[in-house]
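Student: I have a structure here, written as structure tokens, and I will follow up with some questions on it.
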Amino acid sequence: MKVVEKINKYVKRPAIKQTDLYQYVDKHRHLLERVNCPIKIKCEQDLFDYEIVVQSLCTKQIIDDAFDMFRTEDDMYQYLDYNERRRLFSQDLKPQIATRPHCLDVDGNDIYLACYEPLINNWYTLDYQMVELKQHREHIDEAHVTKDTPFALYGKGVYRTKFSSLKLVFEDELGLVFYSKDFGTLYFYKKDTFQMILSITIKPKDNEEDIPLDILRLLTKCFLEQRDKDALMVMHKEGFIDDKIYKKLMKIVK
């Protein structure tokens, strides 16, 4: 652990507000405020959690806008019956959300709004006219949305999808390891509780190059097996640390 502390001391990760991820979340702060979601970003994990909520609310906005356009620009809208409206709007909506982040619920259904229960998801993606019913609108408005809602509803699987910018690097029966490009950092989690137990910054904030997955996995394996010397050698070879820092850190592991 002494080596990890020193690595995190010498390999500087960016401040939260300096990252592209923070800028993305902050840019969409109005969407969080619209659903009365409390906004308090105190640590990196908070930011990862808010990212999933924002991704969900962006998709919700896409669907809302799509139906408004469908209703106002289709001259035949008022003459269509319920089922025809549902069928035609589904055709319009499908390509608009095809590339949006989604996960699966316990029944295997696609969830595009991870900050809402499956029922609300079905209204939005399968039958938007249900959203417009007064009692359903009230149900949506009263839904309690926080940064923890996606995990509470759908578990740690949401972090494996495009909802999250975290990249899964390693998994076994005890833990999960993700990498954040924004922070240049590996995050180690307990698998059962998804509690973060360790973070190691492997790339300094002034290095914007992508790290290949095989290098991330190699470094993760070195740290898990407590082969700190090998990890430092990889970091030095890949240019993540310079000669000066490399020599300082190598003195600790000898």
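Where a number appears in this text, it was derived from the coordinates with a stated rule and is not lab data. What you see is a predicted model; the values in this text were computed from it and never measured. Cβ placement follows ideal geometry from the backbone for every residue including glycine, while neighbour counts extend to all protein chains displayed.
Student: For the chain, what does the helix formula give at 222 nm: sum of -39500 (n - 2.57) over DSSP H segments with n ≥ 4, over the residue count, nearest 500 deg cm²/dmol?
Tutor: About -15000 deg cm²/dmol.
Student: On a straight-distance basis, which aspartates and glutamates could pair with LYS248 in a cross-link, Cα separation under 16 angstrom, same-chain partners fewer than 8 positions away excluded?
Tutor: Leaving aside aspartates and glutamates fewer than 8 places away in the same chain, those within reach of LYS248 are GLU5, ASP228, ASP230.
Student: Could you line up SER56, SER90 from fewest to most neighbouring Cβ atoms inside 10 Å?
Tutor: By the 10 Å Cβ count, ascending, the order reads SER90, SER56.
Student: Say the dipole of the chain comes from +1 at the beta carbon of Lys and Arg and -1 at that of Asp and Glu; which of VAL158, THR201, GLN135 then lies farthest toward its positive end?
Tutor: THR201
Student: Right, something else. For the Cα atoms of the chain, what angle does the longest principal axis make with the long axis of helix 228-237, in degrees from 0 to 90, nearest 10?
Tutor: 80 degrees
Student: Here's another thing I want to ask about it. Evaluate the charge dipole of the chain about its Cα centre and quote only its size in Debye, nearest 20, assuming +1 on the Cβ of each Lys and Arg and -1 on the Cβ of each Asp and Glu.
Tutor: Around 1840 debye, computed over the chain.
Student: Next question. Can you sort ARG87, ARG100, ARG217 from fewest to most other Cβ atoms within 10 Å of each residue's own Cβ?
Tutor: The fewest-first ordering by Cβ neighbours comes to ARG87, ARG217, ARG100.
Student: Leaving out same-chain residues fewer than 8 places away, which lysines sit with a Cα under 16 Å from that of LYS94?
Tutor: By straight Cα distance, LYS94 reaches LYS60.
Student: In the set (i) 12.2; (ii) 15.5; (iii) 14.1, which value of mean projected area of the Cα convex hull in nm² was calculated from the structure you see?
Tutor: This structure yields the entry labelled (ii).
Student: How much net charge surrounds LEU126 when only other residues with a Cβ under 12 Å from its Cβ are counted (Lys, Arg +1; Asp, Glu -1)?
Tutor: +1
Student: Using θ = phi - 60° and the Karplus curve 6.51 cos²θ - 1.76 cosθ + 1.60, what whole-Hz ³J(HN,Hα) does each residue of the range 56-66 get, with Gly and Pro shown as x?
Tutor: Once rounded to whole Hz, the list reads 5, 5, 5, 5, 4, 5, 4, 5, 4, 5, 5.
Student: Using amide H atoms built in the peptide plane, which far-off residues or other-chain residues are under 5 Å from GLY175 H to H?
Tutor: LYS191
Student: Separate question: Please go through the residue pairs LYS9/LYS221; LYS2/LYS162; LYS205/LYS244 and name each one whose alpha carbons sit more than 28 Å apart in this structure.
Tutor: LYS2/LYS162
Student: Let me ask something else about it. Near LYS156, which lysines are there with a Cα under 17 Å away, not counting those fewer than 8 places off in the same chain?
Tutor: LYS147, LYS167, LYS190, LYS191
Student: Explain nothing, just the number: relative contact order of the chain, from Cα pairs under 8 Å at least 6 residues apart, as a whole percent.
Tutor: For the chain, the relative contact order is 21 percent.
Student: Taking the Cα centre of the range 20-156 as origin, work out the dipole magnitude from +1 charges on Lys and Arg Cβ and -1 charges on Asp and Glu Cβ, in debye rounded to 20.
Tutor: 220 debye
Student: Shifting gears a bit: At 7 Å along the Cα-to-beta-carbon direction for both ASP65 and ASP172, put a label point, then send me their distance in nm to one decimal.
Tutor: Here the answer is 4.6 nm between the modelled labels.
Student: What per residue convex hull volume, in Å³, comes out for the range 132-200 when only alpha-carbon positions are used?
Tutor: 116 Å³
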